[in-house]
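Q: So that we are looking at the same thing, I have put the structure below in structure tokens.
The values are calculated or read from the model by the stated rules, or taken from the named source; none is laboratory data. Everything numeric here is computed off the predicted structure, so don't read it as measured data. Methodologically, a virtual Cβ is constructed for each residue, glycine included, from the backbone with ideal geometry; neighbour enumeration extends over all protein chains shown. The protein model used for the area step is the full one, side chains on, heavy atoms only, and it has no ligands, DNA or RNA in it. Shrake-Rupley method; radii C 1.70, N 1.55, O 1.52, S 1.80 Å.
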Amino acid sequence: MSEEMKIEDYLAKGGVLSSPENAPPRYRAELLRLMASFVDSELAGAAGFADAINYGPGIKERIAAAKIVLEKTDNADKVLKIMGDFGANTTRYVNHHPWTARLDRDADIGAERIDGDMRLSVFNYPLAGWNDAVVMNLLMGRAVMLQLKEHCKLSYQPLAEAFRAILPVETNHADLAAEGIKRLMETGSDPAELQASVAYWWPRVDASFGADKSKRFQSLKKFGLRHLGNAELRKSWQTATRAELQVLGLDIK
Amino acid sequence: MARFHPLRVTDIQKTIRDAVVVSLAPEDGTTIDFVQGQYLTFRQKFDGEELRRSYSICAGLDDGTLQVGIKRVEGGTFSTWANQDLKVGDLLEAMPPMGNFHTPLDPGSQRHYLGFAGGSGITPVLSILKTTLAREPKSTFTLVYANKAVNSIMFREELEDLKNIHLGRLNIIHILESDAQDIDLFTGLVTEEKCARLFQHWIDIKSVDTAFICGPEPMMLGIAKALRDHGLSDADIKFELFASAQPGRARQKAKDQTAGSKAAITEATVTLDGTSRSFRMPKTGQSLLEAAIENQLDAPFACKAGVCSTCRAKVLEGEVEMLTNHALEDYEVAQGYVLTCQCYPISDKLVVDYDQ
């Protein structure tokens, strides 16, 4: 029981870490980066969706939107706490960036992140009304579910546990969006408008999976921070979400 | 930011030749709240340099005392000091208890827990085991405890006592690396194969709700694999990698060989993922992180505001000015750590390492 093993080898073989003290420097950096990306995306997502509460056509829709804003902020808090264990100043972190900031709707930034925060590129685009918000929430919600399922397996146990608690909450947000689209279709919304939102958000959510061939992926995999590749995750999302849209009466051109 | 509190050493007991159990109490007569399986992080100065080490609490929640077990690690500065020089009445500075090596307890539940401990990895498992047996009266606990030899088993008598107190609810299997035992299976290392054989006849793995593993890396890997192969999910397995993985020796300070001068350019050498790259960068207008990225190094960062600490690196040679720091503690800065997003060179030569 006393043979020596390097932490890097332990991680590459599927080992799990449970406290900041055991995290090697490069692992620590990649883990913090991953957490910052999630926290920034949730904070930016919640901040952007806060406006959608006022777009809600009925009381149920407003409640759903408010619940989503609350719970996404709460999900950010769960992960930010773990960043705090690594030394991040959690109080300042929340205010170091204007999370409501958005680019123009027709800006084209691909998968680029914008200086000063690590939110996924898709969260830099503004929502254009209720219907648009619901479509974005469905497409991105399904992508987040796949990314979270991947995160539930990662090698830092406290974070994997946080993501296991977050996954059902985010799944519910996407389900609420699917329900919202169904209701819009039933109550006479213009399918062409919803279709236009699908066309707008589809490539932007698609870009959030990152490049098919990623150098970083290999080092993340060795650290046990990733398992499935970007291409594989993207494919699962495309297949499942396309099928779901078709059931709802929408499509991808 | 984490705060340190003074704790008075009220008792020191040797459990085996090279391990002590240290009892601690706050100065003001209060008690320290902890959860079973958590650890305390201590700080202590050695030759002017602060070292921080974490040790698991071995007491149960109902023991009415705060105790940690400290096994001496070969060449380990803190553990050797704790075993040889620490005395009753000394003050130790510790952060509040931390760690997530526990599951919530429910007095009404009837669960079967399985614990694996290697050597001093017993400390948090003992805390969990004692607390669980006391607070979940219908639950049972099976402990697989790996050691080199009989004389290196920490808490051997205490575990026997617990078996008698909680009759029929605590089952202990000792696996000894070098001492032969009546049953062959109980000799050697706790490997994946050994676990699979234990699960055949000795442990009803189907009845296990939650497993706790604390020990050295290879042992944890083997056990986790065997548990997964026998139907436990990741959520059912709790890990705690024990302290041997921490760097144990006090480090030498980085030497400042080059003083600031009037030159406007710095020769920087930056190491990342084992590769070093040298480049020239201006002393103003561009942070060290930005310069590294511009020179094709995939340096880590997130907030770029000195808040998150993702971009932390160590200055090995030279001097920098750090504009903002909301994330590193004084002792880290004293060791040469900097937030590269906030750093601008002062010296003409700079050597920085992201891998340390």
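To keep it simple, each residue is scored yes or no on (1) in a loop (DSSP other than H, G, I, E, B); (2) open to solvent by 10 Å² or more (accessible area, probe 1.4 Å).
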site: B:Val270; (1), (2): no, no
site: B:Arg277; (1), (2): no, yes
site: B:Arg280; (1), (2): no, yes
site: B:Lys304; (1), (2): yes, yes
site: B:Val307; (1), (2): yes, no
site: B:Asn325; (1), (2): yes, yes
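Q: For B:Leu316, are the conditions met, namely being touching a Cys at 6+ places or on another chain (Cβ under 7 Å) and of a type outside the set (Lys, Arg)?
A: Numbers: touching a Cys at 6+ places or on another chain (Cβ under 7 Å): no; of a type outside the set (Lys, Arg): yes.
When the stated conditions are applied, B:Leu316 does not pass them.
Q: Which residue is modelled with the lowest pLDDT, if the candidates are limited to region B:1-31 and must be open to solvent by 50 Å² or more (accessible area, probe 1.4 Å) and either among the small types (Gly, Ala, Ser) or not in a strand (DSSP E or B) (or both)?
A: Of everything passing the filter in region B:1-31, B:Met1 is modelled with the lowest pLDDT.
Q: Also, I was wondering about something else. What residue, among those in region A:207-220 that are open to solvent by 30 Å² or more (accessible area, probe 1.4 Å) and more than 14 Å from chain B (Cβ to nearest Cβ), is farthest from A:Gly58 (Cα to Cα)?
A: Residue satisfying both the conditions and the ranking: A:Lys213.
Q: For residues that are touching a Gly at 6+ places or on another chain (Cβ under 8 Å) and either outside any strand (DSSP E or B) or farther than 21 Å from A:Glu21 by Cα (or both), tally how many sit in region B:36-61.
A: 4
Q: Can you name every residue in region B:39-55 that is more than 10 Å from chain A (Cβ to nearest Cβ) and either open to solvent by 20 Å² or more (accessible area, probe 1.4 Å) or free of Cβ contacts under 8 Å to residues at least 24 places away in the same chain (or both)? Explain how you work it out, then say what you get.
A: Just the residues of region B:39-55 that are more than 10 Å from chain A (Cβ to nearest Cβ), to begin with: B:40, B:42-51, B:55.
Result: B:Arg43, B:Gln44, B:Lys45, B:Phe46, B:Asp47, B:Gly48, B:Glu49, B:Glu50, B:Tyr55.
Q: Please specify each residue of region B:115-129 satisfying the condition of being modelled with pLDDT of 95 or more and either of a type in the set (S, T, N, Q) or over 21 Å from the mean Cα position of the chain (by Cα) (or both).
A: B:Thr123, B:Ser127
Q: Could you count how many residues in region A:26-70 are free of Cβ contacts under 8 Å to residues at least 24 places away in the same chain and within 12 Å of another protein chain (Cβ to nearest Cβ)?
A: Of the residues in region A:26-70, 1 are free of Cβ contacts under 8 Å to residues at least 24 places away in the same chain and within 12 Å of another protein chain (Cβ to nearest Cβ).
Q: Here's a follow-up. Given the conditions (1) within 14 Å of chain B (Cβ to nearest Cβ); (2) modelled with pLDDT under 95, which single one is not true for A:Ser155?
A: Among (1) within 14 Å of chain B (Cβ to nearest Cβ); (2) modelled with pLDDT under 95, the lone unmet condition for A:Ser155 is (2).
Q: All but one of (1) touching a Gly at 6+ places or on another chain (Cβ under 8 Å); (2) open to solvent by 40 Å² or more (accessible area, probe 1.4 Å); (3) at pLDDT 90 or above hold for B:Ala254; state the number of the condition that does not hold.
A: Failed condition: (3).
Q: OK, next. Which pairs have Cβ atoms under 8 Å, sit 6 or more apart or on different chains, and link a residue in region A:71-97 that is within 7 Å of chain B (Cβ to nearest Cβ) to one that is in a helix (DSSP H, G or I) and open to solvent by 30 Å² or more (accessible area, probe 1.4 Å)?
A: Cβ pairs passing all conditions: A:Met83/A:Thr90; A:Phe86/A:Pro20; A:Gly87/A:Pro20.
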